1. What number of residues within the stretch 22-60 satisfy the criterion of being part of a loop (DSSP other than H, G, I, E, B) and either out of contact with any strand residue (DSSP E or B) (no Cβ under 8 Å at 6 or more places or on another chain) or free of Cβ contacts under 8 Å to residues at least 24 places away in the same chain (or both)?
2. I'd like the residue in the stretch 186-213 that is more than 16 Å from the ligand (Cβ to nearest atom) and in contact (Cβ under 8 Å) with a residue 12 or more places away in the chain and, out of all such residues, is nearest to residue 322 (Cα to Cα).
3. How many of the residues making up the stretch 2-21 are more than 16 Å from the ligand (Cβ to nearest atom), surrounded by 16 or more Cβ atoms within 10 Å (Cβ to Cβ) and either at pLDDT below 95 or part of a strand (DSSP E or B) (or both)?
4. Is there any pair with a first residue in the stretch 269-297 that is at pLDDT below 95 and a second that is surrounded by fewer than 20 Cβ atoms within 10 Å (Cβ to Cβ) whose Cβ atoms are under 9 Å apart and which are 6 or more apart or on different chains, and what are they?
5. Mind checking whether some residue in the stretch 244-259 is in contact (Cβ under 8 Å) with a residue 60 or more places away in the chain and either within 11 Å of the ligand (Cβ to nearest atom) or in a loop (DSSP other than H, G, I, E, B) (or both)?
6. State whether the residues of the stretch 216-231 include one that is over 22 Å from residue 65 (Cβ atoms), more than 13 Å from the ligand (Cβ to nearest atom), at pLDDT 95 or above and in a loop (DSSP other than H, G, I, E, B).
7. With the structure loaded, tell me whether residue 324 is modelled with pLDDT of 95 or more, within 14 Å of the ligand (Cβ to nearest atom) and closer than 24 Å to residue 142 by Cβ or whether it fails that test.
8. Among what's in the stretch 305-332 and is surrounded by 12 or more Cβ atoms within 10 Å (Cβ to Cβ) and outside any helix (DSSP H, G or I), pick the residue that is farthest from the chain's Cα centre (by Cα).
Ligand SMILES: NC(=O)c1ccc[n+]([C@@H]2O[C@H](COP(=O)([O-])OP(=O)(O)OC[C@H]3O[C@@H](n4cnc5c(N)ncnc54)[C@H](OP(=O)(O)O)[C@@H]3O)[C@@H](O)[C@H]2O)c1
């Protein structure tokens, strides 16, 4: 897989990266998470499972890995894998996030799986925790889900601390991730924030997929200004995969199946190929939860859309408010 710059951040990425949201904890919001893990939730089994998916990603050439403090033990599993395989820190790029506290207690039926906290105290504590687990590997530190209501962009002390982490050489780049229908407003504000005469945020991680492509023009704009762009939820948390069997999705599913059959690929490959071809997308995250899914996702790099496919797939876009309401209702499982 080729490597390429992540905007002007100074970091490099591969077109496909691997996110560990589904690999670090028993519960997640994707459709078939329990089956992916074969309902085996003991820590050692989950670590072996995560390492197997990381091995498959590495063999396929993936060189960007994305974790977060709130993904259970994702940072621990990623750190133990990097060290066990003897991977040199400069052989890949590692990003993590702070701002959600994991409260799932390693349970699928937890009442609350994560709690947002964008205060300076939590940034300091979580950065120390991330640093300990990813010692020597952590390149990019991101605000996890910088929504308008979290108020994080109004906290000068938090922004100053992020700037200090970069200036002090603790991480090489600072980013933010977005979520929800207010993402455009947050990104516009974030891209104007400066410290020491330079933009504070080197990268943005945002949702863009066939159901919710509304942020595309703004992502193209910030990319042109030099921000690195990582795409998450490219498969709409599994809704754009063969697992998506909800009756109210049947018409969309028929479009996806028809175009996938015509181009000789699977649904997930088709949906990922639509993201990979966006010129502003530096790195598209695979959220593969199994080795098989990872291998299938990697196959998207060989898929080329044509005009007929683009026209058919454009009909899948939903009003953002509806997309985010459905997203918010996804069950942890
Ligand atoms: N706010 C944030 O910062 C934020 C939020 C979300 C995600 N992220 C990052 O983005 C990454 C990817 O996001 P995501 O995992 O939510 O979304 P995604 O990539 O849209 O969906 C991944 C899910 O799709 C399903 N899938 C993938 N390939 C498949 C295949 N071939 N066949 C059947 N099912 C398949 C699997 O779910 P099932 O098998 O369970 O159905 C898998 O867990 C995360 O790991 C994380 O690093 C960041």
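1. Looking only at that region, the number is 16.
2. Ranking the qualifying residues of the stretch 186-213, first place goes to 188.
3. Going through the stretch 2-21 one residue at a time, the tally reaches 1.
4. Taking only residues 6 or more apart or on different chains, not a single pair turns up.
5. Yes, the stretch 244-259 has at least one match.
6. yes
7. It is true that residue 324 is modelled with pLDDT of 95 or more, within 14 Å of the ligand (Cβ to nearest atom) and closer than 24 Å to residue 142 by Cβ.
8. Only one residue tops the list, namely 305.
The values are calculated or read from the model by the stated rules, or taken from the named source; none is laboratory data. Because the structure is predicted, anything quoted here is derived from the model rather than measured. All Cβ positions, glycine included, derive from the backbone under ideal geometry; neighbour counts span all protein chains shown.
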